[in-house]
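Undergrad: Take a look at the following structure, please.
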Amino acid sequence: MITREEILARAADRGNRIPLLTLAEFFDGNDVEDSIAPNQHGYGRPGLIEIAARLRAMEADDAVAWVRVQLHEEMFEDGYDDISAESVAICTALPDDVVDARLGVEELQAEPVWEGLSYDHDEFCDVPPVPDGQRVLTLVWD
């Protein structure tokens, strides 16, 4: 898992913008259950291992260009020590309802996906290209 210090350094090198993280950067070695969807942790939301598995299965689909973790803007504030995700970006040609069904958003206790990123596009860096015919959807827990 990437460290907070590595994230802060990457952000500083890219104009203090929020880097989108690969699934490996966020999930591999991450055992902090409330690093994503903290309000649902302990209330029936699947664990990190299951969330990561669903996202990796989605990323492996030929109709998906990439999947990235969108970090929470709070984690860049002074005094914040952890890594915290706001949501997940999915670049795909699949219809929203198909993405929702494949991820099992109800079981994840997430909102249905919607088009766009959690914050303005200009606030992010390390955003891969969006191929023709695809768009970016966001999976968020509220």
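Undergrad: Looking at ILE49, is it without any contact (Cβ under 8 Å) to a residue 40 or more places away in the chain, under 17 Å from LEU108 (Cβ atoms) and of a type in the set (Val, Ile, Thr)?
TA: Working: without any contact (Cβ under 8 Å) to a residue 40 or more places away in the chain: yes; under 17 Å from LEU108 (Cβ atoms): yes; of a type in the set (Val, Ile, Thr): yes.
Considered against the rule, which asks whether it is without any contact (Cβ under 8 Å) to a residue 40 or more places away in the chain, under 17 Å from LEU108 (Cβ atoms) and of a type in the set (Val, Ile, Thr), ILE49 comes out as yes.
Undergrad: Taking region 51-103, which residues are among the basic types (Lys, Arg) and surrounded by fewer than 17 Cβ atoms within 10 Å (Cβ to Cβ)?
TA: Answer for region 51-103, where residues must be among the basic types (Lys, Arg) and surrounded by fewer than 17 Cβ atoms within 10 Å (Cβ to Cβ): ARG56, ARG102.
Undergrad: Could you please tell me which pairs satisfy a Cβ distance under 6 Å, a separation of 6+ or placement on different chains, a first residue in region 26-44 that is closer than 16 Å to GLN70 by Cβ, and a second residue that is among the aromatic types (Phe, Trp, Tyr)?
TA: Once the first residue is closer than 16 Å to GLN70 by Cβ and sits in region 26-44, its partners that are among the aromatic types (Phe, Trp, Tyr) give ALA37/TRP141.
Undergrad: Would you be able to say whether some residue in region 24-41 is modelled with pLDDT of 95 or more and hydroxyl-bearing (Ser, Thr, Tyr)?
TA: no
Undergrad: Would you check if VAL113 is in contact with a strand residue (DSSP E or B) (Cβ under 7 Å, 6 or more places away or on another chain), closer than 21 Å to ALA52 by Cβ and of a type in the set (Val, Ile, Thr)?
TA: yes
Undergrad: Taking the conditions exactly as written (closer than 17 Å to GLU33 by Cβ, in contact with a helix residue (DSSP H, G or I) (Cβ under 8 Å, 6 or more places away or on another chain) and part of a helix (DSSP H, G or I)), does ILE51 satisfy them or not?
TA: Yes, satisfied.
Undergrad: Does ASP34 satisfy being touching a His at 6+ places or on another chain (Cβ under 6 Å), in a helix (DSSP H, G or I) and of a type in the set (D, E, K, R)? Give the steps one after another, and end with the answer.
TA: On the way: touching a His at 6+ places or on another chain (Cβ under 6 Å): yes; in a helix (DSSP H, G or I): yes; of a type in the set (D, E, K, R): yes.
Judged against the criteria, ASP34 is a match.
The values are calculated or read from the model by the stated rules, or taken from the named source; none is laboratory data. No experiment lies behind these values; they were computed from the predicted model shown. Glycine also receives a Cβ, built like all others from the backbone with ideal geometry; neighbour counts cover every protein chain displayed.
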